[in-house]
Amino acid sequence: MNMDDTPQVTTEDGVLVSPDTKRTNRIPPGQVQTRRWPVLHAGSVPSFNPATWDFRLFGLVEQEWRCTYNELLALPQVKVKSDFHCVTTWSLLDCLWEGVSVREIVSHVTIRPEVRFVLVHSEEGWTTNMPLADFLEADCLFAWKHNGKALTPDHGYPLRLVVPRLYAWKSAKWVRGVEFLEKDEPGFWESGGYHMRGDPWTEERYGWSGPAE
Ligand SMILES: Nc1nc2c(c(=O)[nH]1)N[C@H]1C(S)=C(S)[C@@H](COP(=O)(O)O)O[C@H]1N2
Ligand SMILES: [Mo]
């Protein structure tokens, strides 16, 4: 029995179902449902060169791990059904993501016991941070498909992280690696005042370091 009431990821027809999609009211406070999927990011859409692209796990791990795009595609794959909540108040429901689960990727390294946070690294120096526990949830994945189609470059192709239970800015597009840390370090939007964790259900939109009123 689940003693602490933590919502569980379930498997239905081979798809991992994020527990937030089972809530009676699926729209978090202050959010509005959107039917079209907006594009939102800082900077420009990077180009993808499969010959030079790599993905790295580094920081406080026993041994760093690196793979090419083809090696990544050869790993066991998952499908995840989840909702997507942007802090600018739109929520896109029923996304079907396909890729490699975070747990599968992370199984290639031994994380040191002092690790509590990760800093996710994308193209052009863009980063986002989160607690290790949120990153390791069973519904988190590195995805290259959405609703049966390859992600378009503006939605993060060739690879984006998807963290279904945090605000969408934690779902890094054009991701290239993950750094394991003992102490929390703000990423790009977090340095500008966004929350260090970003739980949409408790409206962790902005952190203490945000701009003064
Ligand atoms: N590399 C990168 N990833 C990013 C961002 C960004 O600026 N750069 N913006 C984030 C924000 S604020 C949101 S809401 C989502 C939006 O994803 P979408 O454009 O696919 O809707 O991407 C996130 N991932
Ligand atoms: Mo966002």
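Summary table below
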read-out	value
Residue match in segment 100-113 (condition: in a strand (DSSP E or B) and in contact with a Gly (Cβ under 7 Å, 6 or more places away or on another chain))	no
Residue within segment 11-33 that is open to solvent by 70 Å² or more (accessible area, probe 1.4 Å), within 16 Å of ligand 2 (Cβ to nearest atom) and more than 17 Å from the chain's Cα centre (by Cα) present	yes
Looking only at segment 56-75, and only at residues there that are in a loop (DSSP other than H, G, I, E, B) and in contact (Cβ under 8 Å) with a residue 12 or more places away in the chain, the one that is least open to solvent (accessible area, probe 1.4 Å)	75
Inter-residue pairs, beta-carbon under 6 Å, first away from ligand 2 (no atom under 14 Å from the Cβ) and in segment 153-176, second in a loop (DSSP other than H, G, I, E, B) and among the aromatic types (Phe, Trp, Tyr), 6+ apart	158/48
Residue in segment 76-91 that is in a loop (DSSP other than H, G, I, E, B), more than 16 Å from ligand 2 (Cβ to nearest atom) and open to solvent by less than 50 Å² (accessible area, probe 1.4 Å) present	no
Filter result (assigned to a loop (DSSP other than H, G, I, E, B) and of a type in the set (A, V, I, L, M, F, W, C)) within segment 129-139	136, 138
Residues of segment 180-192 satisfying the condition of being without any contact (Cβ under 8 Å) to a residue 24 or more places away in the chain and within 13 Å of ligand 2 (Cβ to nearest atom)	192
Segment 44-55, residues that are exposed (fewer than 14 other Cβ atoms within 10 Å of the Cβ) and over 19 Å from the mean Cα position of the chain (by Cα)	44, 47, 49, 50, 51, 52
Enumeration of residues in segment 133-178 that are of a type in the set (D, E, K, R) and closer than 26 Å to residue 203 by Cα	134, 137, 139, 160, 165, 170, 173
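The values are calculated or read from the model by the stated rules, or taken from the named source; none is laboratory data. Source: prediction; values computed, not measured. No Cβ is skipped: glycine too gets one built from the backbone with ideal geometry, and neighbour counts run over all protein chains shown. Keep in mind that these areas ignore ligands, DNA and RNA; they rest on the heavy atoms of the full protein, side chains included. Shrake-Rupley method; radii C 1.70, N 1.55, O 1.52, S 1.80 Å.
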